[in-house]
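I have placed the structure first, in the form of structure tokens, so that the comments after it can refer back to it.
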Amino acid sequence: MALFRSYLQQFGRFQRNARLYLISNALSGITIGILQVLYNLYLIALGYRTDFIGLVLFIGTIGGGLAIFPAGLCVDRFGGKAILIWGSVLVGIAGAGQIILRTPFFLLLSAFIAGIGGACVLVVNAPFLTRNSTSEERPHLFSLNIVLLLVTTVIGEGLGGILPLWFRSLAWLMAPLPIWLHWLLAPQMLARSYQLSLLLAGLIAAPSFIPLFLLSDDRPRSTFQPDQVAIPRIGLKARLAVVAGWRKIPPRLLLAHPLTAMILVQILIGTGAGLLLPYFNVYFVQHLGATSALFGGIDAAANTLNALLTLLAPWLVLRIGKVAALVVPRVISLPVMLLIGITNSLPLAATLYPLRQGLMDMSQGILQVFSMEVVSPQHRGLANSSYQASYQIMWAVGASIGGVVIARTGYIPVFIATTILYSCALALLWSRFGRGRWQESHS
């Protein structure tokens, strides 16, 4: 309880923009949870296979990857508030298209547009929280941002498992449709129950817009406030000048640059995550025989444990340091993940899945803080765009490859490949920044 009281006290001391941003993220978490549980299952119920799901994920993430750098420029020009609002609107419109428009062309088109909107929201996150906090607040702020999202995501995952069962119990909703309504609702009972649940999830997200409109104008100005980190406005010419400057750096020094190392880490983790993570719900429901309600409960338990462990992440940093707190729990999670892929036992996989997610993701907020601190303040917007683009594009590549591999050979190859890629990322992170190397080079 003391830990929770400490976080509540910290929340009251955060700057107003930071508090409103946390509230908006928390309100959108229920929708995220429902989507995580049901969207892939909805596509399967429509008759698509994992290779097409991989293509949808690939197209959506490519849209996000292509929009990352323009979104970063827009943040510098218009501020985080405007980009958050318009990005969220774009995600909402395209998300409705993904649920209602069920032909391959429109599924791919709406996924691409949703990716663009999602990029706008993603690229704001770390720089916005960094700009609206002090260095002492950041470990708690970033961790609390993740925890609040996880808690509401847990609620959404529980609802996502139950809602299709409830809709299927309502005979009048599952009755045959007149032909003129076929464009709106799926004729198959299972697919329609998923579709109605996803549409309800979209309505639940509406209140998350209110805190965004209450944000104060954060359009970059030339004035400097002592209690904030100065992040000067960086135009396109300045960004191109930075890139041109990197081209003149000898390859050996460029490879040793902290930003390069963190981009490589994001590439490895993004590829591994894309290969496997989008298909966990299909793996449990189709391969292990779980119901959507059971998987919703399993995923909710995973995010609950993740939230609890994330609250402990700042404490772990104080005990063993940032880099060790990033690496050690994730190393422990790797054999757990492999065992989930090897076993055919649903009870064992259901028990191990929350442990894997909790260990892998508990230090995600610390990683966000660390990735901002290894670069100079004036390059944080560019760095965050680079991280997001690297992760999202490689996640898209991994998701498309993973869908094809699963459709043709099964799940074990993607579990093994993801474990190898994660291992390489953690080895790079430790070899570059571990044992005080980063601190010594910046002292």
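The values are calculated or read from the model by the stated rules, or taken from the named source; none is laboratory data. These figures come from a predicted structure and were not determined experimentally. When we count neighbours, we look across all protein chains shown, and the Cβ atoms used for this are built from the backbone with ideal geometry, even at glycine. To get the accessible areas, we keep the full protein, side chains included, count just its heavy atoms, and leave off ligands, DNA and RNA. Shrake-Rupley method; radii C 1.70, N 1.55, O 1.52, S 1.80 Å.
A few points about this structure:
- Scanning segment 330-360 for residues that are assigned to a helix (DSSP H, G or I) and not hydrophobic (A, V, I, L, M, F, W, C) turns up R330, S333, P335, G341, P347, T351, Y353, P354, R356, Q357, G358.
- When V374 is tested against (1) β-branched (V, I, T); (2) over 18 Å from V147 (Cβ atoms); (3) open to solvent by 20 Å² or more (accessible area, probe 1.4 Å), only condition (3) is not met.
- Test result for S197, open to solvent by less than 70 Å² (accessible area, probe 1.4 Å) and small (G, A, S): yes
- Failed item, numbered, when V323 is tested on (1) buried (at least 20 other Cβ atoms within 10 Å of the Cβ); (2) under 27 Å from G296 (Cβ atoms): (2)
- Complete set of residues in segment 149-185 that are within 24 Å of F295 (Cβ to Cβ) and either at pLDDT below 80 or of a type in the set (G, A, S) (or both): L150, G156, G158, G160, G161, S169
- Selection within segment 19-44 - aliphatic (A, V, I, L, M), open to solvent by 10 Å² or more (accessible area, probe 1.4 Å) and within 16 Å of the chain's Cα centre (by Cα): A26, L27, I30, I32, L35
- Search result, residues across segment 141-175 that are surrounded by fewer than 22 Cβ atoms within 10 Å (Cβ to Cβ) and more than 20 Å from S28 (Cβ to Cβ): L165, W166, F167, R168, S169, L170, A171, W172, L173, M174, A175
- In segment 152-177, the residues that are assigned to a loop (DSSP other than H, G, I, E, B) form Cβ pairs under 8 Å with partners that are open to solvent by less than 80 Å² (accessible area, probe 1.4 Å), at six or more places apart or across chains, as follows: P176/P187; L177/L185; L177/P187.
- Test: residue in segment 102-115 that is touching a Lys or Arg at 6+ places or on another chain (Cβ under 7 Å) and either open to solvent by 20 Å² or more (accessible area, probe 1.4 Å) or in contact (Cβ under 8 Å) with a residue 40 or more places away in the chain (or both): no
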